[in-house]
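Just below is one structure, and these are the notes that go with it.
The values are calculated or read from the model by the stated rules, or taken from the named source; none is laboratory data. The structure presented is a predicted model; accordingly, all values stated were derived computationally and were not measured. Here Cβ is always computed from backbone atoms with ideal geometry, including for glycine, and neighbour counts include all displayed protein chains.
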Amino acid sequence: MYITGKSIKKNLIIFSKKVDNSFINPKKSISILIDKLEKYDLKKNENNHEYNEIKNNNTDGYKNFKDFVRVNQIEVENQNNLLKIIYRLDDISFDSFLYEVKYKIQKKKKGYSDRDLYNLDMFLTYNLGNQLKRLSKINQSYPPTYKNITSYRKALIKASENLIALKTGSKKTIELNKEYEKLLETDPESKNVNLLIKKIYKSELSDINKAKISLHWVADNLEHLWD
């Protein structure tokens with residue numbers, strides 16, 4: 001579900017400062033948010049002339065069904081879009097919903113979120129790898145240690161592939177995982193299962209070592225990483 005619109009953005013600002021707290025309590029925070037939005041909606045209803053007129057004419061209960069329907073229509077029309085979304089969510093979804101909002105706010109403010117820090121190794125190498133990949137396509141210069149721009153671009157591409165592979169897995173690691181999954185479906189009792197696990201582990205270690213080598217390469221060529 002995508003959250004868009006000026007009204008939603010406006011209401012996200014209400015709790016953006018609180019939501020950046022690492023020790024945030026999702027259940028408590030969502031309750032605070034709902035309370036604020038409900039009060040905001042109530043004010044909009046109270047400022048509606050038609051709504052107040054119908055309410056004043058039906059203080060002892062609705063005299064006709066038409067008034068009852070209209071009052072509900074106005075309340076739905078005035079209901080905040082974010083509140084509508086929250087009401088559609090079940091209790092299990094509240095935590096994930098709030099954290100998604102938290103991560104989006106952090107990303108906009110700082111360029112990264114707490115979620116990125118859970119696997120900082122992959123976050124750093126994946127982003128750096130993609131940046132080097134882009135640099136290899138647009139750079140116009142190369143270090144004096146390389147013969148020409150083509151050889152330097154090849155080095156950039158190799159480093160980018162090794163860094164990206166730490167998150168996505170190298171071609172070999174991906175193929176081994178596919179083979180492992182297929183074997184589990186067809187013959188889970190096969191002796192080759194443990195053998196494949198060992199191969200995957202060895203391949204992943206190789207991916208890590210290659211990423212480390214590429215990070216060293218980045219450090220050695222740090223002053224030349226510009227187009």
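See the values below:
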read-out: Hits in segment 182-197 - residues which are surrounded by 11 or more Cβ atoms within 10 Å (Cβ to Cβ) and assigned to a helix (DSSP H, G or I); value: K182, L183, L184, N192, V193, L195, L196, I197
read-out: Close pairs (8 angstrom Cβ cut-off, 6 or more residues apart or separate chains): under 15 Å from Q73 (Cα atoms) in segment 45-62, among the aliphatic types (A, V, I, L, M) and surrounded by 14 or more Cβ atoms within 10 Å (Cβ to Cβ) anywhere; value: N45/I74; N48/I74; E50/I74; Y51/V71; Y51/I74; I54/V71; K55/V71; Y62/V71
read-out: Leading residue by the ranking (surrounded by the most Cβ atoms within 10 Å (Cβ to Cβ)) among those in segment 83-128 that are outside any helix (DSSP H, G or I) and modelled with pLDDT of 85 or more; value: S113
